[in-house]
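Reviewing the structure listed below.
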Amino acid sequence: MRLTIRPGVLELFPEALVGLAIATNVDNSGEDPKDAADLRRAEAGLAGLFAGIPPAEHPRIAAWRETYRRFGAKPKDHPSSVENLARRVLKGWAVPHVNRLVDIYNAISLETLLPAGGEDLDAIDGDIELTLASESEPPVRLLGEPEARPPKPGEVIYRDRAGAICRRWNWKEADRTKLTPGTRNAVLVVEAMPPVTPDELATALEELAKRVRERCGTTVAVVTAVLSRERPGFEG
């Protein structure tokens, strides 16, 4: 599998960073108490990260709101994954257990205020690209939605050969490639825009990879990479 940031995205967002963790031979079944503890600790510390700042005004949230506006999405109606997660927790919502990989990346997202997500590699058709949606994208059914709808032309999507696997950059993932307890191979992403630095993203990515290695079975292997304008593609 190769993941590539396409030139059209880099022309609009030359500062974009995408951290990848490709995990193979994963045991994604069951629930690890350490993951639950990480989530509760991240939830408890979230108010301190905002320190009275409205979520929309925090630099790490505001950067994604501006990114969404630049490709024609309304962040009020379609917030980035990290804004949606943070807002719900600040209102008192406890992040539920989904599966090991999702629990890990949700905790990392709350701890760092960076968007994070993942896909089942065995459900991916061909390579993945972060690209601008064309006018002929096939409909995709997103998590929790009853009907399939096509991406809007010009919005940023992750796509494989069969169609979009995540709409509006990191807003919502496709049901087709979601992580499940039966997932054995996965690609996880952590994304950043300024003011987040490449070193800060790399630190968050390595912490995610460390937890996957420690908690997802004795045979798991994880390879990481950071994609950018200088390195737009990775094959692993």
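The values are calculated or read from the model by the stated rules, or taken from the named source; none is laboratory data. Bear in mind that the values here come from a model prediction, so they are computed numbers and not experimental data. Cβ coordinates were reconstructed from backbone atoms using ideal geometry, including for glycine residues, and neighbour counts include every protein chain displayed.
Here are the numbers for the structure shown:
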read-out	value
Single match in ILE61, ILE104 (criterion: at pLDDT 95 or above and over 24 Å from GLU155 (Cα atoms))	ILE104
Residue within region 227-234 that is surrounded by fewer than 20 Cβ atoms within 10 Å (Cβ to Cβ), acidic (Asp, Glu) and under 15 Å from the mean Cα position of the chain (by Cα) present	no
Subset of region 58-98 [more than 18 Å from the chain's Cα centre (by Cα) and within 18 Å of ALA42 (Cα to Cα)]	HIS58, LEU90, LYS91, GLY92, TRP93, ALA94
Residue within region 216-227 that is touching a helix residue (DSSP H, G or I) at 6+ places or on another chain (Cβ under 7 Å) and not in a strand (DSSP E or B) present	yes
Leading residue by the ranking (nearest to ASP38 (Cα to Cα)) among those in region 181-236 that are touching a Pro at 6+ places or on another chain (Cβ under 6 Å) and not basic (Lys, Arg)	GLU191
Complete set of residues in region 10-66 that are aliphatic (A, V, I, L, M), over 27 Å from LEU90 (Cβ atoms) and not in a strand (DSSP E or B)	LEU10, LEU12, VAL26
